[in-house]
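Here's the structure, in structure tokens; my notes come after.
The values are calculated or read from the model by the stated rules, or taken from the named source; none is laboratory data. Since the structure is predicted, the reported quantities are computational estimates derived from the model, not experimental observations. Ideal geometry is used to build each Cβ from the backbone, glycine not excepted, and the neighbour counts take in all protein chains shown. Side chains included, ligands, DNA and RNA excluded: accessible areas come from the protein's heavy atoms. Shrake-Rupley method; radii C 1.70, N 1.55, O 1.52, S 1.80 Å.
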Amino acid sequence: YHQRHVVGAPRVLAVDDDGIRSEASYVVIRTKRDAMAEILSAGRYLDRIVRVDGSLLFAERHVIFDNDLIPNSIIDPL
């Protein structure tokens, strides 16, 4: 099967000496050739972004699931 990651527009929560803190919603959809697509996971990313040599880079990413259970078939990082 294949996984499709859809990420919403990020929202800046804070800008300080530690970097930029942002939040973005996401949904991961699993597709199989012989079955209907299904939602594998939904939630939000909490990120800290820093400037390094003029480039913006992710320093941290926390994945917060909306659901309590996750399938044991997740093979790629969310």
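Give me a count of the residues in region 7-43 that are open to solvent by less than 70 Å² (accessible area, probe 1.4 Å), touching a strand residue (DSSP E or B) at 6+ places or on another chain (Cβ under 8 Å) and either over 23 Å from residue 67 (Cβ atoms) or not basic (Lys, Arg) (or both). Please lay out each step first, then the result.
Of region 7-43, the ones open to solvent by less than 70 Å² (accessible area, probe 1.4 Å) are 8, 14, 19-20, 22-24, 26-31, 35, 37, 40-43.
If we keep only those that are touching a strand residue (DSSP E or B) at 6+ places or on another chain (Cβ under 8 Å) as well, we get 8, 14, 19-20, 22-24, 26-31, 37, 40-43.
Remaining after also requiring either over 23 Å from residue 67 (Cβ atoms) or not basic (Lys, Arg) (or both): 8, 14, 19-20, 22-24, 26-29, 31, 37, 40-43.
Here the count works out to 17.
On the given criteria, is residue 73 modelled with pLDDT of 95 or more and of a type in the set (Gly, Ala, Ser)? Quick ask: steps written out before the conclusion?
Working: modelled with pLDDT of 95 or more: no; of a type in the set (Gly, Ala, Ser): yes.
No: the conditions fail for residue 73.
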